Structures are given as C-alpha cells and as structure tokens.
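Enquirer: Structure provided below as structure tokens; questions to follow.
The values are calculated or read from the model by the stated rules, or taken from the named source; none is laboratory data. None of the values given here were measured: they were computed from a predicted structure. Heads up, the Cβs are rebuilt from the backbone with ideal geometry, glycines too, and the neighbour counts pull from every protein chain shown. To get the accessible areas, we keep the full protein, side chains included, count just its heavy atoms, and leave off ligands, DNA and RNA. Shrake-Rupley method; radii C 1.70, N 1.55, O 1.52, S 1.80 Å.
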Amino acid sequence: MIEDEDRILVALSGGKDSVTLLHILTKLLGETHEIEALTIDLGISSNNYSETSLEAAVKNCREIGTKLNVVKLGDEYGFTIGDAVSNLRKNGRSPCSICGIVKRYVLNREALRRGFDTILTGHNLDDETTVLLSNLISGDISLLARTHPFLGANQVMAARGKPLSETPERETTFYATIRKLQHVTAECPYASGASISALKTATHKMEEVRPGAMLSLYRSFLEKIKVSLKVPEDKPESRKVVPCMNCGMPTSGSICSFCKIRKELTNGH
Ligand code: SF4
Ligand code: ZN
C-alpha cells in the first residue's frame, strides 16, 4: 500500500479513525516518509459540525507536528454540503452520496495538485463490512467490484488506501482514548439514516455471536467472492477515464459528477 518514496496525504476529518490513522502513521513512517494531512471544511454548520471537526484536525496536527492543508468548500467551489442538503432532498438524494463524490473529487484534485502519491483514509472494519453488507443486499455488482482496501494510481488519479480497513472500530476508539487524541464525537447531522445504522448494528450482533465474523466476511469477500464477480475488477489500468470538459479531472463521461453537482448548486457559477 505504501512504497518507499511515497508522499502521503491523510484525509483528516477530525473523527477518531482519521486522527488515529494520522497518529500511527506519523509514529511508524514519520521519519522516512513525507506525510501531510488534508481537511475539507464541508460547511456543515448544524451542531457546529465542520467547525469542531476542523478544530480537532488543527489541534492534532499541531501536536503531532504534521502540516495541515485545509480546503474550504464554500470558498474554493462556491457551495457547501450544508447548502446542498435542502436542494438534494428535493430530488430524493442523500447528502452522504453527494458528500462522498465531493470528498473523493477534492482529495484527488488536491493530491495531484500538491504532488502526493497516495491518499490514505481512516475507514475501519466496521465501515467496510457495513457498506459491503449493504451492497450485497442490494446486489449492486459494480459497487461490490469496487470494494478494496487499496487502489493503485494512474496518470489522473492518486493511489488510495484504507490502512485501517481490517481494524475494528472499537480498537480505533481505544487508541484515540488512551492516547488522549482530541476528536469529534458528535455525529454528522446528515449521517445516513436508519438503514445504514441498522446494518452497522447487525454487523456488531454478528460479531457478538461469532467473534471474528466481520473480518472473516471482509476477507472472504475480497479473496474468494470478488474474484468470481462477472465484472472487471476496478484496476487502474482498466479504468477508462477522459478529462472532464469542464474541470479537466478524470471522468467516465464528458462532465464529471462533481461538476454536475456544482453546477446544480451554484446555478452554473
Ligand atoms: Fe458527509 Fe455523510 Fe459523512 Fe456527513 S455523514 S460528512 S454528509 S458523508
Ligand atoms: Zn469536472
């Protein structure tokens, strides 16, 4: 996942997982690799969510001695996730689906712009098995094919990795607690509704009944089931992308999803 010369960009949300990831990486690789963090200020004002997230990111980077890059969505792109919510709900779309597209776009753009090889995120085992279960239930083969702890780079996309994808959430919580790492404890006010929470609870029940089941499910899927899916694996060389006609970033169509969202939310400005 991490090569000798890699410049690493950690996606730092301010939550316990990304804070833990940054802390561990800095301890393990701080002497040998260039590591910086990037926080996207999503502009979620409800519960002061973005403000407290950014405060936690700033405090941790100061303590650890890591450079923090901040992108304010509103300043840089003219809209925020907070602005987007009412508009999106009108169209029946979930804030998280839009927010996911926005975060992936901004992270990749900033990584390429700043010369980073790899973007690392703090997704933990609970996150991964919950999403896997959801995609299995809906039978979404293309999303299932995109389940991976690491995706290599190509000319238009930095590599992406999830070093904590086999680490249960309770362990990142432990780590953050015993190291006294400041992190946001409030849940995002737009967090996906009942169905994802219920699936997460189901994975925890499964783990209670059969310890190790979450890891087993995740690994079995990656090692045994995914290989037999009848869609090409999402390998860098098989990703057919062209530059977006609007922003030049990679897309499989003519205009990338981010530019479509931005146009919708800013009336084309
Ligand atoms: Fe974005 Fe959803 Fe995460 Fe909130 S919970 S930060 S809307 S992805
Ligand atoms: Zn674009």
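Enquirer: Conditions: (1) in contact with a strand residue (DSSP E or B) (Cβ under 7 Å, 6 or more places away or on another chain); (2) of a type outside the set (A, V, I, L, M, F, W, C); (3) open to solvent by 20 Å² or more (accessible area, probe 1.4 Å). T66 meets all but one. Number of the miss?
Expert: That leaves (3) as the condition not met.
Enquirer: Among all residue pairs at least 6 apart or on different chains, which show Cβ distances below 7 Å where the first residue, located in segment 227-248, is open to solvent by 100 Å² or more (accessible area, probe 1.4 Å) and the second is modelled with pLDDT under 85 and not in a helix (DSSP H, G or I)?
Expert: Final answer for the pair search is K240/S252.
Enquirer: Got a sec? Which helices (runs of 4 or more DSSP H) wholly within segment 89-167 have at least 1 residues that are modelled with pLDDT of 90 or more, on the phi < 0 side of the Ramachandran plot and charged (D, E, K, R)? Don't jump to the end; show me each part of the working.
Expert: Working: elements: 95-113, 125-138, 141-145.
Result: 95-113, 125-138.
Enquirer: With within 16 Å of ligand 1 (Cβ to nearest atom), in contact with a Phe, Trp or Tyr (Cβ under 9 Å, 6 or more places away or on another chain), under 25 Å from S97 (Cα atoms) and of a type in the set (D, E) as the only criterion, which of E187, E169 stands out? Before the answer, list the steps.
Expert: On the way: E169 fails: in contact with a Phe, Trp or Tyr (Cβ under 9 Å, 6 or more places away or on another chain).
One residue alone meets the criteria, E187.
Enquirer: Do you know which residues across segment 138-150 are touching a residue at least 60 places away in the same chain (Cβ under 8 Å) and open to solvent by 20 Å² or more (accessible area, probe 1.4 Å)? Write out each step before concluding.
Expert: Step one: filter segment 138-150 for residues touching a residue at least 60 places away in the same chain (Cβ under 8 Å), giving 141-142, 144-150.
Within segment 138-150, I141, S142, R146, H148, P149, F150 meet the criteria.
Enquirer: Based on what the data block shows, is L21 of a type outside the set (F, W, Y), open to solvent by less than 50 Å² (accessible area, probe 1.4 Å), touching a residue at least 40 places away in the same chain (Cβ under 8 Å) and in a helix (DSSP H, G or I)?
Expert: Considered against the rule, which asks whether it is of a type outside the set (F, W, Y), open to solvent by less than 50 Å² (accessible area, probe 1.4 Å), touching a residue at least 40 places away in the same chain (Cβ under 8 Å) and in a helix (DSSP H, G or I), L21 comes out as yes.
Enquirer: I've got another one for you. Mind checking which residues of segment 97-121 are in contact with a strand residue (DSSP E or B) (Cβ under 9 Å, 6 or more places away or on another chain), open to solvent by 10 Å² or more (accessible area, probe 1.4 Å), away from ligand 2 (no atom under 16 Å from the Cβ) and closer than 28 Å to T203 by Cβ?
Expert: T121
Enquirer: Tell me which of these E34 doesn't satisfy, since it passes every other one: (1) over 25 Å from A191 (Cβ atoms); (2) surrounded by fewer than 17 Cβ atoms within 10 Å (Cβ to Cβ); (3) at pLDDT below 95.
Expert: Every condition holds for E34 apart from (3).
Enquirer: Which of the residues that make up segment 1-11 are open to solvent by less than 30 Å² (accessible area, probe 1.4 Å) and either without any contact (Cβ under 8 Å) to a residue 60 or more places away in the chain or in a strand (DSSP E or B) (or both)?
Expert: Selection gives I8, L9, V10, A11.
Enquirer: Does A57 count as away from ligand 2 (no atom under 16 Å from the Cβ), open to solvent by less than 10 Å² (accessible area, probe 1.4 Å), of a type in the set (G, A, S) and modelled with pLDDT under 95?
Expert: Spelling it out, it is not the case that A57 is away from ligand 2 (no atom under 16 Å from the Cβ), open to solvent by less than 10 Å² (accessible area, probe 1.4 Å), of a type in the set (G, A, S) and modelled with pLDDT under 95.
Enquirer: Still on this structure: Quick check on segment 75-88. Is at least one of its residues touching a Lys or Arg at 6+ places or on another chain (Cβ under 8 Å) and either surrounded by 17 or more Cβ atoms within 10 Å (Cβ to Cβ) or closer than 30 Å to L29 by Cα (or both)?
Expert: Yes: one or more hits.
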